[in-house]
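See below for the structure under consideration.
Computed from the coordinates by the stated procedures, all read-outs in this text should not be read as laboratory data. If you're wondering where the values come from, they're calculated on a predicted model, not measured in any experiment.
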Amino acid sequence: MSKSEEDIVTLVASLPDGTRIIEHADGRLERKKSQTDLARLGAMTDEEVDASIANDPDWAEFKDVDWSNTVFVIPAKKKAISIRVDEDVLDFFKKGGEGYQRRMNAVLRSYMDQKKNPKKSA
C-alpha cells in the first residue's frame with residue numbers, strides 16, 4: 001500500500017459531541033475528536049473563512065480543483081458474517097496484504113453489479 005493510500009480514511013459516523021468514527025485503509029476504526037474550533041469558525045465572516053483557506057498551505061494543491069461535480073459518498077454499512085471459501089481463494093486475497101476482505105467485497109460487488117446490469121448482446 002502506498003503512503004497516499006495509507007492516508008486515506010473514510011468517515012463512518014459523526015457523533016453529536018463532535019467525535020468522528022473513521023475507517024483507515026487497513027480496515028481499522030478510530031474515534032477522533034474534532035479539532036475544529038466551531039465557536040471561532042461560527043464567528044468568522046465568509047470573507048475571513050475564504051482568506052483563512054487561501055492562506056492554508058494544505059489547501060494549495062486543491063485551490064484549482066473544480067468541485068462543482070463533487071459527489072459525497074457515504075460508504076455502505078458492512079455486516080459481519082461467517083463465510084466458507086476455498087483455502088486457495090482466501091490465500092490469494094491475503095497475499096495482497098491488509099484490506100483483503102475489502103478486495104473480496106469489491107469482487108463480489110462487481111459480480112453483483114454485472115448481474116444487475118448485464119450488457120445487451122449486439
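Classify the range 55-122 as rounded, prolate or oblate from the Cα gyration tensor: take a ≥ b ≥ c as the square roots of its eigenvalues, call it rounded if a/c is under 1.5, otherwise prolate when a/b beats b/c and oblate if not. The shape class here is oblate. 3J(HN,Hα) couplings calculated from phi for the range 25-42 with the Karplus curve 6.51 cos²θ - 1.76 cosθ + 1.60 (θ = phi - 60°) are, in sequence order, 4, 8, x, 6, 9, 9, 8, 10, 7, 4, 9, 6, 8, 5, 5, 5, 4, x Hz; Gly and Pro show x. Computed over the range 6-75, relative contact order equals 21 percent, with contacts defined as Cα pairs under 8 Å that lie 6+ residues apart.
Out of every Cα-Cα pair that the range 6-75 contains, those further apart than 14 angstrom amount to 73 percent. If you take the alpha carbon atoms of the chain and fit the smallest convex hull around them, that volume is 212 Å³ per residue. Averaging the sequence gap over all C-alpha pairs within less than 8 Å and six or more residues apart, then dividing by the number of residues, gives the chain a relative contact order of 15 percent.
Any lysines with Cα under 22 Å of the K94 Cα? List them, leaving off those in the same chain fewer than 8 positions away. Filter leaves K3, K78, K79. Here's how it looks for V12: its modeled amide H is under 5 Å from those of I21, I22, E23, which are all 5 or more places away or on a different chain.
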